[in-house]
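Only one structure is covered here, and it is reproduced in the block below.
The values are calculated or read from the model by the stated rules, or taken from the named source; none is laboratory data. For clarity, every value in this text was computed on a predicted model and none was experimentally measured. All Cβ positions, even for glycine, are placed from backbone atoms using ideal geometry, and neighbour counts span all protein chains on display.
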Ligand code: UDP
């Protein structure tokens with residue numbers, strides 16, 4: 001085999017490793033079980049409308065990491081898209097993340113920042129951000145009980161089907177809370193969408209004479225030559241699939257949420273006026289609706305077309321054959337994860353990375369950043 005490194009999985013983690021290794025002169029093969037590159041970041045043009053659809057849910061790129069930003073800009077230009085999300089609660093539209101406008105609209109008030117802060121503190125009761133132990137305590141500490149009930153409790157019940165006391169507080173602190181009228185969804189220095197789409201970006205990362213990509217190739221399929229039994233111990237492997245799958249679930253099944261999408265092409269120019277509308281109420285079965293044309297207002301002809309593509313997003317527990325999206329990370333999962341980490345340490349020349357390989361809720365920039373670190377510290 002004329003291969004110096006095998007990368008299992010062609011998502012951002014795997015492609016970053018592959019690109020770095022190829023640029024350093026290594027011969028890299030990337031295999032992916034799916035028939036397309038890019039893992040869940042993959043997007044494609046919906047043929048009837050030409051609108052770019054993120055096949056596995058909306059992906060918004062943002063980072064404050066200078067080296068990640070410099071790195072990603074080698075492969076794509078970014079638009080000046082700034083992500084904003086609205087939320088329809090009890091038949092009214094509110095701005096997210098929770099900001100002074102949300103608070104004032106919700107309470108029918110005109111609070112100043114200090115007044116709003118004092119109100120939320122009172123409504124947070126005994127909970128404090130610094131000492132909060134879980135999603136519930138942190139969420140209530142951040143926004144107070146009434147806002148938590150309105151915007152987080154039922155949305156989170158739909159998204160996770162897990163009691164918020166069992167979920168990590170880190171999940172809720174992904175969203176900023178602001179006592180001004182800034183409703184940018186992210187706090188990061190850099191933000192934007194790949195100008196020519198995600199797939200063009202991902203393909204450019206893989207476009208190197210030292211990289212071979214083999215799609216439709218399952219690492220666990222013993223009928224293909226680069227399967228687990230044939231390569232582990234023979235050459236370095238970067239594995240970005242689910243860590244429990246690698247070890248054949250011997251330490252139990254780590255729980256994941258998966259998503260189902262219902263896509264519709266509608267004969268209207270604009271369905272909801274914004275890219276993402278969240279539905280935090282219990283009587284709506286989906287969590288949010290994406291309307292993809294709004295991610296690219298600069299694609300003028302497509303944007304002003306008289307059709308639109310929307311996708312309703314539903315969440316449920318992943319069965320073994322479903323695509324994993326979000327690590328639930330309950331206390332039982334953490335026990336299992338520690339056992340898998342121990343096993344992983346004993347696995348000679350196999351490097352586990354990415355959202356699935358580490359069972360971490362990594363954003364794209366984090367996956368890329370951790371791949372760059374792995375390359376620099378362990379593989380180069
Ligand atoms: N969340 C919520 N209501 C919202 C948006 C988010 O309760 O309107 C909670 C929910 O538990 C979600 C978490 O905050 O899983 C993180 O939200 P984010 O938008 O970062 O999730 P992602 O876009 O990664 O699915």
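For region 246-283, enumerate the residues that are touching a strand residue (DSSP E or B) at 6+ places or on another chain (Cβ under 8 Å), under 19 Å from residue 95 (Cα atoms) and in contact (Cβ under 8 Å) with a residue 60 or more places away in the chain.
Those that are touching a strand residue (DSSP E or B) at 6+ places or on another chain (Cβ under 8 Å), under 19 Å from residue 95 (Cα atoms) and in contact (Cβ under 8 Å) with a residue 60 or more places away in the chain: 274, 275, 276, 277, 278, 279, 280, 281.
Counting only residues that are within 19 Å of the chain's Cα centre (by Cα) and more than 16 Å from the ligand (Cβ to nearest atom), give me the helices (runs of 4 or more DSSP H) lying completely in region 211-312 with at least 1 of them.
By residue number, 243-246.
Got a sec? Which of 201, 160 is buried (at least 17 other Cβ atoms within 10 Å of the Cβ), touching a strand residue (DSSP E or B) at 6+ places or on another chain (Cβ under 6 Å) and modelled with pLDDT of 95 or more?
Residue meeting the stated conditions: 201.
Within 16 Å of the ligand (Cβ to nearest atom) and over 20 Å from residue 192 (Cβ atoms): is that true of residue 102 in this structure?
For residue 102, the condition - within 16 Å of the ligand (Cβ to nearest atom) and over 20 Å from residue 192 (Cβ atoms) - is met.
Any chance region 272-288 includes a residue that's outside the structural domain of residue 159 (by TED's automatic domain parsing) and within 15 Å of residue 46 (Cα to Cα)?
For region 272-288, residues outside the structural domain of residue 159 (by TED's automatic domain parsing) and within 15 Å of residue 46 (Cα to Cα): absent.
Quick check on my filter: what residues within region 166-195 are in contact with a helix residue (DSSP H, G or I) (Cβ under 6 Å, 6 or more places away or on another chain), surrounded by fewer than 20 Cβ atoms within 10 Å (Cβ to Cβ) and outside any loop (DSSP other than H, G, I, E, B)?
Hits for region 166-195 are 169, 190.
Which of the following residues is within 16 Å of the ligand (Cβ to nearest atom) and within 24 Å of residue 282 (Cα to Cα): 172, 129?
None of the other options fit; the residue is 172.
Would you call residue 351 surrounded by 19 or more Cβ atoms within 10 Å (Cβ to Cβ) and in a strand (DSSP E or B)?
yes
Going by the structure shown, is residue 141 part of a helix (DSSP H, G or I) and more than 10 Å from the ligand (Cβ to nearest atom)?
So residue 141 fits the description; yes.
Can you tell me how many residues in region 78-97 are within 9 Å of the ligand (Cβ to nearest atom) and in a loop (DSSP other than H, G, I, E, B)?
Residues meeting the conditions: 1.
So residue 349 passes all but one of these: (1) more than 15 Å from the ligand (Cβ to nearest atom); (2) touching a helix residue (DSSP H, G or I) at 6+ places or on another chain (Cβ under 6 Å). Which condition number does it fail?
The single condition residue 349 does not satisfy is (2).
Looking for something buried (at least 20 other Cβ atoms within 10 Å of the Cβ), in contact with a helix residue (DSSP H, G or I) (Cβ under 8 Å, 6 or more places away or on another chain) and over 27 Å from residue 274 (Cα atoms) - is there at least one such residue anywhere in region 74-92?
No, region 74-92 contains no residue that is buried (at least 20 other Cβ atoms within 10 Å of the Cβ), in contact with a helix residue (DSSP H, G or I) (Cβ under 8 Å, 6 or more places away or on another chain) and over 27 Å from residue 274 (Cα atoms).
Among residues belonging to region 98-128 that are assigned to a loop (DSSP other than H, G, I, E, B) and in contact (Cβ under 8 Å) with a residue 40 or more places away in the chain, point out the one that is surrounded by the most Cβ atoms within 10 Å (Cβ to Cβ).
Only one residue tops the list, namely 98.
Any chance you could count how many residues in region 6-55 are crowded, with 18+ Cβ neighbours inside 10 Å and in a helix (DSSP H, G or I)?
Residues that pass the stated criteria total 14.
For residue 191, state whether it is within 16 Å of the ligand (Cβ to nearest atom) and more than 30 Å from residue 299 (Cα to Cα).
So residue 191 fails the test.
Filter region 144-165 down to residues that are within 10 Å of the ligand (Cβ to nearest atom), under 21 Å from residue 108 (Cβ atoms) and touching a helix residue (DSSP H, G or I) at 6+ places or on another chain (Cβ under 6 Å), then give me how many there are.
Total satisfying the criteria: 2.
Which residue pairs have Cβ atoms under 8 Å apart, sit 6 or more places apart or on different chains, and have a first residue in region 152-179 that is at positive phi and in the same structural domain as residue 129 (by TED's automatic domain parsing) and a second that is outside any loop (DSSP other than H, G, I, E, B) and more than 7 Å from the ligand (Cβ to nearest atom)?
Close Cβ pairs (under 8 Å, with a partner that is outside any loop (DSSP other than H, G, I, E, B) and more than 7 Å from the ligand (Cβ to nearest atom)) amount to 161/257; 161/315; 161/316; 161/317.
Assess whether residue 303 counts as being free of Cβ contacts under 8 Å to residues at least 24 places away in the same chain and either surrounded by 14 or more Cβ atoms within 10 Å (Cβ to Cβ) or assigned by TED's automatic domain parsing to the domain that holds residue 156 (or both).
yes
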